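**Student:** Dumping the structure here so I can ask a few things about it.
The values are calculated or read from the model by the stated rules, or taken from the named source; none is laboratory data. Not measured: the values here are computed from a predicted model. Here the Cβ is made from the backbone with ideal geometry for all residues, glycine too, and neighbour counts use every protein chain on show.
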Amino acid sequence: MNLLNLYFTPFAAVMVVTAIYFSDPDARTKWLSFGVLLASLLVNHWFSKNIYRFVGWAQRLKLLQVWLTFLWSAVLAYLLMPYWAPMWLLLTLPPVTAALYQSRGQTLLTAGVCAASVLGLYWAYQMKVGMPLGEVMWAQGVIHAAFIPVLAAFVHELAQTALRMRDAGRG
């Protein structure tokens, strides 16, 4: 969990702040985004400091953190993607988190939900603008969505390989 907070939390925070600064969304979107970002940072900090204090609940708390990360990511992507296209990258965070702590099936389920959410965001943007996005935009959306399970499966296999190597070194 600490590796995720060390690398991905700062990346997500910098991306959100950069999106707000350079794209200059309306005031409501800006303050909602800052509020969601602050809440996510506080909750993630609490999880990283306290998750192992509740040994019996650690697995459930990790699962909760995956879905809270999904919630923050989806809301921030919805708010800021019309202003800053790379916001879809936030939806790679929940499956990467799942890949480190959950089974392959749970990881791919999380990745599937996040991939479908990316496509849903493209569809919502199309409805908001009131015009079709066109083949090129939808092709990009499909590639973005397809990247999420590929990345999640890759990270899961890396984590499993590290565990096998650790276990082989003990025996």
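**Student:** Does the stretch 22-37 hold any residues that are farther than 15 Å from F70 by Cα and not hydroxyl-bearing (S, T, Y), and which are they?
**Tutor:** Those that are farther than 15 Å from F70 by Cα and not hydroxyl-bearing (S, T, Y): F22, D24, P25, D26, A27, R28, K30, W31, L32, F34, G35.
**Student:** Then there's this: How do the pairs read when you match residues in the stretch 141-155 that are closer than 22 Å to W123 by Cα with residues anywhere that are aromatic (F, W, Y) and surrounded by 16 or more Cβ atoms within 10 Å (Cβ to Cβ), using Cβ under 7 Å and keeping only pairs 6 or more apart or on different chains?
**Tutor:** G141/Y122; H144/W88
**Student:** While we're looking at this one, here's another question. If a residue has to be part of a helix (DSSP H, G or I), touching a residue at least 12 places away in the same chain (Cβ under 8 Å) and surrounded by fewer than 21 Cβ atoms within 10 Å (Cβ to Cβ) to count, how many in the stretch 79-95 make the cut?
**Tutor:** So the count comes out to 2.
**Student:** In addition: Which residue pairs have Cβ atoms closer than 7 Å, lie 6 or more positions apart in sequence or on different chains, and pair a first residue in the stretch 42-67 that is in contact (Cβ under 8 Å) with a residue 60 or more places away in the chain with a second residue that is surrounded by fewer than 17 Cβ atoms within 10 Å (Cβ to Cβ) and not β-branched (V, I, T)?
**Tutor:** Pairs found: none.
**Student:** Determine, yes or no, whether K30 is of a type in the set (D, E, K, R), crowded, with 18+ Cβ neighbours inside 10 Å, without any contact (Cβ under 8 Å) to a residue 60 or more places away in the chain and assigned to a helix (DSSP H, G or I).
**Tutor:** Yes, satisfied.
**Student:** Has the stretch 129-144 got any residue that is of a type in the set (A, V, I, L, M), under 18 Å from F8 (Cα atoms) and at pLDDT 90 or above?
**Tutor:** Looking through the stretch 129-144, none of the residues is of a type in the set (A, V, I, L, M), under 18 Å from F8 (Cα atoms) and at pLDDT 90 or above.
**Student:** Given the residues L38, L61, which is the only one that is within 22 Å of L109 (Cα to Cα) and in a helix (DSSP H, G or I)?
**Tutor:** The unique qualifying residue is L61.
**Student:** Also, I was wondering about something else. Select from the stretch 42-70 the residues that are surrounded by 15 or more Cβ atoms within 10 Å (Cβ to Cβ), under 17 Å from L90 (Cα atoms) and either modelled with pLDDT under 90 or not hydroxyl-bearing (S, T, Y) (or both) and list them in ascending order.
**Tutor:** Within the stretch 42-70, V43, N44, Q65, V66, L68, F70 qualify.
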